[in-house]
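Since every read-out is calculated from the coordinates, none of them should be taken as a lab result. Just so it is clear, the model here is predicted, and its values are computed rather than measured. Counting neighbours? That spans all protein chains shown, and the Cβs are built from the backbone with ideal geometry, glycine included.
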C-alpha cells in the first residue's frame, strides 16, 4: 500500500475522530477516558492553525491516520517549538506510515521555522516510546503519576527532537 498524505480538512472530521476515539476507548495512548464528540475536531483544527496538519489516506481515499503540529506554548519566546500529535488506524501500524507521517511533519515544520518538536507520550504506550526513540527523539522529561485512566495511574513522558 502506498499511503497519500494530504492537508487535513474539515471533511476529515468523522474519520479523524473515529481513529482518535478508538485510542481513547482501547488504549492509554490518548488521555481522555471517554469518547469525544466529532465537534472536538474543531478544537484540534484550531490548535494546529498556522501549523502543518496531515490526513493519511489509502488508495481508495479513506483516512487511515492523521497528524499535526501545534504550538507548545502561546508565548512568542516558544515560536520555534511545536508539539506533535499523530495516530494511525489500527491494522495499519507497523507499515512505515508513522515514519512517513513524522518525516512529512518534520519537513513542513522546518519550513515554518520550527527547530524543536516535543511529543507527550503515555508511559503505558511502550510502542510509541520505542517508535519515537528509534526515530530521532530523546526522552527529556517525565511527569510521574500525573494521569489516571481506567483505574491506572501512569506517567507522561516528554520526548524531544531537534530539527
- For labels at residue 71 and residue 40 in the simple 7 Å Cα→Cβ model, what's the distance in nm? 2.2
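Using 1/(1 + (r/R0)^6) with R0 = 45 angstrom and r between the beta carbons of residue 107 and residue 146, what's the FRET efficiency to the nearest 0.05?
Calculated transfer efficiency: 0.90.
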- More than 19 angstrom apart: percent of Cα pairs within the chain: 55
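Can you tell me the relative contact order of the chain? Whole percent, Cα pairs under 8 Å, sequence separation 6 or more. Write out the running numbers ahead of the final one.
Values: 282 pairs, mean separation 32.4, N = 163.
Relative contact order of the chain: 20 percent.
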- Message: Can you give me the distance in nm between label points at residue 99 and residue 10, each placed 7 Å from the Cα along the Cα-to-Cβ direction?
- Response: 3.7
- Query: So, in nm, how far is label residue 139 from label residue 80 when the simple model puts each one 7 Å beyond its Cα toward the Cβ?
  - Reply: 2.7
